[in-house]
1. Only one of A:98, A:38, A:34, A:52 is at pLDDT 95 or above, buried (at least 24 other Cβ atoms within 10 Å of the Cβ), more than 14 Å from chain B (Cβ to nearest Cβ) and out of contact with any Asp or Glu (no Cβ under 8 Å at 6 or more places or on another chain); which?
2. If you take the residues in segment A:132-169 that are under 14 Å from the mean Cα position of the chain (by Cα) and at pLDDT below 95, which one is farthest from residue A:221 (Cα to Cα)?
3. Just checking, how many residues over segment A:5-33 are in contact with a Gly (Cβ under 8 Å, 6 or more places away or on another chain) and either in a strand (DSSP E or B) or of a type in the set (A, V, I, L, M, F, W, C) (or both)?
4. For segment A:246-282, how many residues are closer than 25 Å to residue A:231 by Cβ, in contact with a Pro (Cβ under 6 Å, 6 or more places away or on another chain) and either crowded, with 22+ Cβ neighbours inside 10 Å or in contact (Cβ under 8 Å) with a residue 40 or more places away in the chain (or both)?
5. If we scan segment A:17-30, do we find a residue that is within 14 Å of chain B (Cβ to nearest Cβ) and closer than 28 Å to residue A:145 by Cβ?
6. Among the residues of segment B:32-45, write down those that are under 12 Å from the mean Cα position of the chain (by Cα) and surrounded by fewer than 18 Cβ atoms within 10 Å (Cβ to Cβ).
7. Which ones in segment A:20-72 are basic (Lys, Arg) and closer than 21 Å to residue A:309 by Cβ?
8. Check B:52, B:48 and return the single one that is on the phi < 0 side of the Ramachandran plot, away from every other protein chain (no Cβ under 14 Å) and β-branched (Val, Ile, Thr).
Amino acid sequence: MEILLAIGTRKGLWLARSRDRRHWDVSGPQFPIADVKAIGIDMRRETPRLSAAVLNSHFGPTVVTSDDLGETWSEPDDAPVSFPEDTGAALEGVWQFAYGPESDVVYVGVEPTALFKSVDGGRTYEFVRGLWDHPHREHWMPGGGGKALHTVLPDPRDPARVNVAMSTGGVYRTEDGGASWTASNSGIFAEFMPEGQQYPEYGQCVHKVAVDAANPDRQYLQNHSGVYRSADGGRNWESIAEGLPADFGFPMVAHPSRSEVIYSFPLESSMMRFPPQGRCRVYRSENAGNSWTGLSKGLPDVGFWSAVMRDAMCTDSADPAGVYFGSRSGEVWASADEGDTWAQVAGHLPDVLCVRAAVI
Amino acid sequence: MLRGLAGGVSHVEVAAGTLGAALDALGERYPALERRLRDERGALRRYVNFYVDGEECRRLAGPATPLQPHTEVVIIPSVAGG
């Protein structure tokens with residue numbers, strides 16, 4: 001077994017490979033000084049196809065793909081993701097790749113907040129107009145990182161059903177292939193709203209949503225403040241923050257095969273975006289958030305004044321599952337035993353924006 | 001970086017009456033190059049400078065800056081990033 005770990009940073013892409021998930025060969029940078037905010041690994045193909053969102057501060061955004069595990073990259077001549085002229089919008093960046101149940105269907109979530117769909121395996125994308133035309137759109141506001149659609153969750157059972165999440169705006173779901181969308185934030189707190197308006201229909205600053213390994217209706221959500229789960233595909237949410245040292249954070253990751261196993265990286269609060277007490281801790285729940293365990297063996301115990309961004313944590317699909325995260329201080333950590341113990345993959349990289357791992 | 005998107009050449013000749021039209025013509029030949037210089041609305045990318053016979057186009061008429069026969073347009077990344 002060999003693992004490929006792709007690491008997107010503020011200044012380029014690094015690739016790491018390992019046969020034991022403890023010793024890594026790290027190569028890079030590719031796309032130097034470009035912001036690599038999203039990586040996708042399409043495992044439906046005989047050779048996995050890598051996609052990367054590359055944003056050069058001079059020359060703008062693009063999406064590139066590789067069919068040789070990152071040795072070479074290509075892109076179409078014409079922009080692979082481009083807003084239609086009548087929208088008056090221009091692409092500022094791609095934040096997410098997601099794979100639907102139909103072969104060759106790939107979604108991207110982008111900034112400004114919008115969704116695009118590819119039916120050619122992620123080479124070119126079509127605008128999903130139904131979401132753009134939503135009457136709520138004019139009220140979606142930028143979060144601290146921009147105004148973007150950062151999470152796309154195609155239902156593995158039904159290609160017509162997709163959930164998305166945006167900052168701000170919250171969760172929206174479609175059951176008709178993207179033609180119409182419904183705000184889906186019942187029970188999610190908006191601390192930045194005045195008292196009496198803190199459970200709005202939409203407008204929440206959802207940071208990340210993950211889908212349970214076995215039950216797609218079971219979803220887990222890291223909010224700007226609050227951690228939640230849904231048992232009904234996102235229609236209603238209930239808190240699972242009790243047992244965590246803090247309810248603020250960015251990533252939320254589901255185990256690839258074990259139902260009810262999830263991972264988070266709590267930060268003190270919106271105004272203290274550091275791990276509590278400066279201790280680097282991943283938190284794991286094995287019962288859908290009813291209780292949590294701090295995982296720290298091998299991680300820095302003091303002085304870790306860093307953070308983990310919303311897409312900078314992931315798993316691989318091995319058994320036992322590997323868990324990975326990268327920090328804003330440029331360190332990448334891996335666990336080969338579902339989070340019980342950790343070892344460093346790389347250090348002194350630029351801010352890590354995303355990690356994605358696959359068994360190749 | 002840009003030369004790789006123009007077949008390796010560093011100079012391209014086009015027939016155009018304005019800077020915008022010159023970029024349109026460039027896009028016909030090298031679309032992956034042109035989209036590094038302008039977004040899909042046709043707006044010049046903020047951190048790319050276009051010197052028209054030595055004067056940055058934003059001090060002239062931007063994309064509407066007229067070009068004469070033999071006008072030289074030099075495209076240079078400006079200071080950006082961190």
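The values are calculated or read from the model by the stated rules, or taken from the named source; none is laboratory data. Not measured: the values here are computed from a predicted model. All Cβ positions, glycine included, derive from the backbone under ideal geometry; neighbour counts span all protein chains shown.
1. A:52
2. A:145
3. The number of residues fulfilling the criteria is 12.
4. The qualifying residues number 3.
5. Yes; the residues of segment A:17-30 include at least one that is within 14 Å of chain B (Cβ to nearest Cβ) and closer than 28 Å to residue A:145 by Cβ.
6. B:42, B:43
7. Answer for segment A:20-72, where residues must be basic (Lys, Arg) and closer than 21 Å to residue A:309 by Cβ: just A:37.
8. B:52
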